[in-house]
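Okay, so here's the structure we're looking at.
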Amino acid sequence: MDNAEVAKRLFEMAEMLEFKGENIFKIKAYQKAARHIEELEEDINVLRRKDELGSIPGVGEAIEAKIKEMLDTGTFKAFEKIRHTIPQDIEEITAVQGIGPKTAHLLYSKLGVKDLQGLLKAAEEHRIRRIPGMGLKTEEHILIAAKRQLAEGNIGRFPLGVALPIAEEISKKLLDGTLIREVRIAGSIRRWKDTVGDIDLIARSDEPEKAIEVFTLMDNVQEVLEKGNTKGSIIYKGNIQVDLRIVKDDAFGSLLQHFTGSKEHNVKLRQIALSKGFHLSEYGLKNATTAEQIPFSTEHEQYERLGLQFIPPELREDWGEIEAAMEKKIPRLIEVSDIKGDLHVHSNWSDGHNTIEEMALAAKALGYQYINISDHSASSKIANGLSEKRLLDHIKEIERLNESIEGIRILSGTECDILPEGTLDYSDELLEQLDIVVVAVHGSVEQDSKTMTQRIVSALENEHVHILAHPTGRKFGKRLPFAMNMEKIMDTALEYGKVLEINSSPQRLDLNDKFAMMARERGIKLAINTDTHSLEQFGNIRYGIGTARRAWIASNDVINTLHLKDICKFLGIS
Ligand code: DGT
Ligand code: CA
Ligand code: CA
């Protein structure tokens, strides 16, 4: 067994003990040992041979004996014994958002729930609400979470667009009053990952214990999971877990870096630190020979001390960023302020809430130089799609507005449906009259991969088309990505010079980080649009930018960073 396997087994042991409602200190002891073993640089088998297992922090005599047993036999007796008393699929249950091992045990002992199907059934039959301490609300949350998990296998994670606003709301609450001086959102949210497991916050306060108290007493706290001196953990309204860590000293930068992760990034960073003679932790660097502790108040200083260029949070996934930082080759990533216009905007001519003029003025107020009014095409009946006749009126209205409004150019466009057989919803003659053509799949989303791929490829071959919007069609909690061959679609986009969209709607984030990276690596141009249906939704651009930054995208990869003059040249219009 290697370090990771030993750690995994100890974590499992802790989870099972928790399920059984065992002594919390015993559970924590297993977790602590597991964490330290996971982070060990040296092979645990080597340590064992040197008889130094006891030097691993958190490994006392009892756990040391179990590790030895594991290294000899691949498991340990206590583990096997407890394992047989626990239902096999219990992980399916603890994977549901908001259900920890303790609740899982309650559901099992009171209702005999031992897998996801059983959980769903219990919730639907309203048996959960009758367990003391669970109630109607909890039952509803469990029902939703269990269904979501069953539907998309996206186990217990929240869309960023749900988690980030909650994190911001809580940060604001914590900053009320004078107790807490600074709050930062860390973890996967700070990395702009599209789904997050929980919310991680760190804060600065001279009275950590009081600050934790305030945290656990906020409105909308459903459950307090942990309340320590510097650490708190709660379940917040919406069933999302929030972890808070508080420091008062000057290690704020080190703490922020640690809790921003990712874990993979941190593991690699620790190796770098070690090679320079330091141990890295959330408290900063510790000189391996003198044991001197060096805390950092900013992340920048800590990276610099390790001989690395600063690494933006979005890149911290161990996708090559540490190697790049060593060579000072981290690119300047795109920023919200680089965006010069939005190329996917709806008005009340189709399913938007505002007039074209209102959308244009809002965009102008943001400092944009242009927007594309891309209302839906005729086939999108539910979205009040524009008939050919109405599209002609739409073009005229935009002409009229361009004459009356100063300081922003309204491009006349469409979000034209790609029909099931791959033809477009408007004739070529009509498309030709538009400044810009965005195409997208809306209906018949269940097609097989071959049909869907050919459908999109056909659309991209059309000479009037500029942008493919939300290419995979996924919607969190509602729709999985289309079955499609992305390689083939990207090949076509590159061949025909078409642009792929990063749709910033927090329900979509489509392309996602990985696909956006694939597009960039191939030299395909991107557009980062909001697909806004109201004035407020222009603000969603930050989600698209976050996704693009995770894909290492720079401003010159993106067409809507072009100035008006240059975007017109790109579109071949005057
Ligand atoms: P999530 O919540 O699943 O979306 O992902 P993260 O990255 O927010 O992970 P989380 O909440 O478990 O922990 C937040 C950060 O704290 C993580 O990115 C790195 C750090 N961290 C947490 N646990 C460990 C650990 O066991 N080892 C190391 N090296 N870092 C950890
Ligand atoms: Ca997290
Ligand atoms: Ca966490």
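Conditions tested, residue by residue: (1) more than 30 Å from Val439 (Cβ to Cβ); (2) touching a Cys at 6+ places or on another chain (Cβ under 9 Å); (3) surrounded by fewer than 17 Cβ atoms within 10 Å (Cβ to Cβ); (4) touching a residue at least 40 places away in the same chain (Cβ under 8 Å).
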residue	(1), (2), (3), (4)
Ile294	yes, no, yes, no
Phe310	yes, no, yes, no
Glu321	yes, no, no, yes
Ala324	yes, no, no, no
Glu327	yes, no, yes, no
Leu333	no, no, no, yes
Lys340	no, no, no, yes
| query | With region 384-494 as the region, which helices (runs of 4 or more DSSP H) entirely inside it contain at least 2 residues that are under 22 Å from Ile524 (Cβ atoms) and under 27 Å from the mean Cα position of the chain (by Cα)? | reply | 449-461
| task | Please specify each residue of region 252-274 satisfying the condition of being of a type in the set (S, T, N, Q) and farther than 14 Å from Leu40 by Cα. | result | Ser254, Gln257, Thr260, Ser262
| Among (1) within 16 Å of ligand 3 (Cβ to nearest atom); (2) surrounded by fewer than 17 Cβ atoms within 10 Å (Cβ to Cβ); (3) within 23 Å of Ser205 (Cα to Cα), the one test that Lys263 misses | (3)
| Hey, Ile166 within 17 Å of the chain's Cα centre (by Cα), within 15 Å of ligand 1 (Cβ to nearest atom) and crowded, with 16+ Cβ neighbours inside 10 Å or not | yes
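Residue by residue, here is whether (1) under 26 Å from Glu22 (Cβ atoms); (2) hydroxyl-bearing (Ser, Thr, Tyr); (3) touching a helix residue (DSSP H, G or I) at 6+ places or on another chain (Cβ under 8 Å); (4) surrounded by fewer than 21 Cβ atoms within 10 Å (Cβ to Cβ) holds:
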{"position": "Leu106", "(1), (2), (3), (4)": "yes, no, no, yes"}
{"position": "Leu119", "(1), (2), (3), (4)": "yes, no, yes, no"}
{"position": "Ala123", "(1), (2), (3), (4)": "no, no, yes, no"}
{"position": "Leu136", "(1), (2), (3), (4)": "no, no, yes, yes"}
{"position": "Leu150", "(1), (2), (3), (4)": "no, no, yes, yes"}
{"position": "Phe158", "(1), (2), (3), (4)": "no, no, no, no"}
| said: Need pairs with beta-carbon distance below 9 Å; first residue closer than 17 Å to Pro313 by Cβ and outside any strand (DSSP E or B) and within region 167-187, second more than 14 Å from ligand 2 (Cβ to nearest atom) and β-branched (Val, Ile, Thr); sequence gap 6+ or separate chains. | reply: Ser171/Val183
| Restricting region 495-522 to residues that are touching a residue at least 12 places away in the same chain (Cβ under 8 Å), assigned to a helix (DSSP H, G or I) and farther than 14 Å from Asp557 by Cβ, which is nearest to the chain's Cα centre (by Cα)? | Lys514
| request: Kindly list, by first and then second residue, each pair from a residue in region 373-394 that is within 13 Å of Cys416 (Cβ to Cβ) and touching a residue at least 24 places away in the same chain (Cβ under 8 Å) to a residue that is among the hydrophobic types (A, V, I, L, M, F, W, C) and in a loop (DSSP other than H, G, I, E, B), limited to pairs with Cβ atoms under 6 Å and residues at least 6 apart or on different chains. | output: Asp375/Trp349; His376/Ala383; Gly385/Ala378; His394/Trp349
| field | region 257-285, residues that are in contact with a Ser or Thr (Cβ under 9 Å, 6 or more places away or on another chain), aliphatic (A, V, I, L, M) and within 10 Å of ligand 1 (Cβ to nearest atom) | value | Leu280
| field | Which numbered condition Asp200 misses (of (1) under 16 Å from Glu282 (Cβ atoms); (2) more than 10 Å from ligand 1 (Cβ to nearest atom)) | value | (2)
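All of the numbers you see were taken from the coordinates with simple rules; none came from a lab. Since the model is a prediction, treat every value here as computed from it, not as a measurement. Cβ: placed from backbone, ideal geometry, glycine included. Neighbour counts: every protein chain shown.
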